[in-house]
Structures are given as C-alpha cells and as structure tokens.
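The structure under discussion appears below in the form of structure tokens.
The values are calculated or read from the model by the stated rules, or taken from the named source; none is laboratory data. Small disclaimer: the values here were computed from a predicted structure and weren't measured. Positions of Cβ are backbone-derived with ideal geometry, glycine not excepted, and every protein chain shown enters the neighbour counts. SASA here: full protein model, heavy atoms, side chains in, ligands and nucleic acids out. Shrake-Rupley method; radii C 1.70, N 1.55, O 1.52, S 1.80 Å.
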Amino acid sequence: MNIKELLLNGKAFLALLNDFAIEAKNVIIQDEEMLFSRAKNPKNPILKESVCIEGKNDDGIFNFFGTLHFNLLDKLAVFEMQGFEKIEAKA
C-alpha cells in the first residue's frame with residue numbers, strides 16, 4: 001500500500017480533491033517512493049515531511065503544499081495543506 005492510497009482512505013483528503021474537482025487517478029505525490037522508503041525505518045515508523053501533491057483537472061494543474069503525517073504501523077496518512085498554486089491549462 002502506498003501513501004496516496006492511505007491518504008485516499010481519509011475523508012478529509014477526498015474532500016480536498018472534491019473541492020478542486022480533481023479525480024484520485026490524477027493525483028501525484030512528488031517523491032512518494034522516497035518518502036515511503038524512509039517511513040519503513042523500524043526504529044521510527046512515523047514520518048512528518050513537507051510535500052507537494054500535484055492534482056490535475058480540466059482547468060489546469062494544482063500544486064498543494066503542506067505537511068504529510070504518516071504512520072506505517074497504523075497505516076494512516078494525513079495531509080495538512082498550507083497552500084496551493086494553480087497553473088492554468090493551455091488552450
């Protein structure tokens with residue numbers, strides 16, 4: 001199970017995507033593989049990391065900036081958004 005799947009299990013992240021009309025299949029967590037591999041440290045199963053999550057819809061690309069809280073033992077992930085930018089779709 002990856003971080004994106006864990007985030008999609010939470011209602012708050014799904015609500016964020018719905019607010020911006022972004023489908024889950026159009027979401028990319030930048031450096032997700034690197035973040036997930038660091039979270040597998042048995043001495044510290046909890047990760048708190050600044051991340052950028054990219055989502056696309058018909059209007060363009062949204063980059064969501066914030067903090068990812070991830071607990072490998074409980075299989076929980078929460079994204080705390082601090083801001084976003086929108087890149088307009090090219091006509």
Problem set entry | Magnitude of the charge dipole, the chain, Cβ model with Lys/Arg +1 and Asp/Glu -1, debye to 20 | 380 debye
Seminar exercise, completed: For segment 1-77, listing GluC sites (Glu not before Pro) in a DSSP loop whose Cβ sees at most 15 other Cβ atoms within 10 Å gives Glu23
Exercise. So which trypsin sites (Lys or Arg not before Pro) in segment 2-91 end up in coil per DSSP with only 15 or fewer other C-beta atoms within 10 Å?
Worked result: Lys40, Lys43, Lys75, Lys90
For this session: Would you mind getting the accessible area per residue of the chain, heavy atoms of the protein chains only, 1.4 Å probe, in Å²?
Result: 65 Å²
Problem set entry | Directionally averaged projected area (convex hull, Cα atoms, the chain), nm² | 5.7 nm²
For this session: Considering the options Asn18, Leu76, Gly60, tell which one lies farthest towards the positive end of the dipole of the chain, charges being +1 on Lys and Arg and -1 on Asp and Glu at the Cβ, about the Cα centre.
Result: Leu76
